[in-house]
Amino acid sequence: MAGTTARFTDPGVKLHHFADEVLVRCPECGGCALVLARLGDECEHRWIGDQEHTRRRLRCGCGHTVDAFPGSRAFGGPADPYFRLPLWLDADCRGRRLWAYNPAHLDLLEGYVGAGLRERATAPASMTLLARLPAWVKSAKHRDDVLRTIRRLRATVPPGLSAAG
């Protein structure tokens with residue numbers, strides 16, 4: 001099959017492992033912006049009521065910047081878990097949504113989908129990001145379409161876009 005690798009082992013990561021840098025659509029210009037969890041070496045925390053909140057920054061090349069201590073996080077679905085903005089890496093694939101938080105998330109999806117042999121992570125495998133993927137993404141018969149969509153999404157990432165930039 002085109003684009004398949006021999007073997008892929010689930011590294012056991014969960015969706016929140018990709019949430020330190022999330023590519024979103026800027027609410028001002030519609031371009032690609034970053035939602036950052038780490039500002040410098042440390043995360044800044046604040047207690048609001050009885051809940052601990054971590055400071056997040058929305059930053060776009062157009063100059064739009066927002067610092068906030070968003071409330072509850074909502075992981076999953078094509079919106080960032082903090083500001084609830086639409087993800088930049090979101091596209092139609094076979095009549096469904098294929099999305100990722102950032103290029104590293106795309107790398108994981110591409111490695112998994114492109115593998116001819118997929119090995120499960122050590123327990124608890126049912127809780128990993130890859131174990132929770134919908135069946136249509138995992139299906140070998142959709143492999144070429146999913147990989148094509150991943151490559152199309154990757155091509156939309158502006159060069160040099162990262163927390164350091």
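The values are calculated or read from the model by the stated rules, or taken from the named source; none is laboratory data. In this text the structure is predicted, and so the values were computed from the model without any measurement. Here the Cβ is made from the backbone with ideal geometry for all residues, glycine too, and neighbour counts use every protein chain on show.
Residues in region 31-69 that are modelled with pLDDT of 65 or more and under 18 Å from the mean Cα position of the chain (by Cα): 31, 32, 33, 34, 35, 36, 37, 56, 57, 58, 59, 60. With respect to being among the acidic types (Asp, Glu), farther than 18 Å from residue 154 by Cα and loosely packed, with under 15 Cβ neighbours inside 10 Å, residue 67 fits the description. Filtered by the rule that a residue be under 18 Å from residue 22 (Cα atoms) and without any contact (Cβ under 8 Å) to a residue 60 or more places away in the chain, region 129-150 gives a lone residue, 150.
In the set (1) modelled with pLDDT of 90 or more; (2) more than 16 Å from the chain's Cα centre (by Cα), the condition left unmet by residue 22 is number (2). In summary, residue 160 fulfils each of the numbered conditions (1) under 19 Å from the mean Cα position of the chain (by Cα); (2) under 17 Å from residue 15 (Cβ atoms) with the single exception of condition (2). Only residues that are buried (at least 19 other Cβ atoms within 10 Å of the Cβ) and in a helix (DSSP H, G or I) were counted in region 109-136, giving 4. Among the residues of region 86-109, just one is in contact with a Lys or Arg (Cβ under 7 Å, 6 or more places away or on another chain) and either at pLDDT below 95 or among the acidic types (Asp, Glu) (or both), namely 90.
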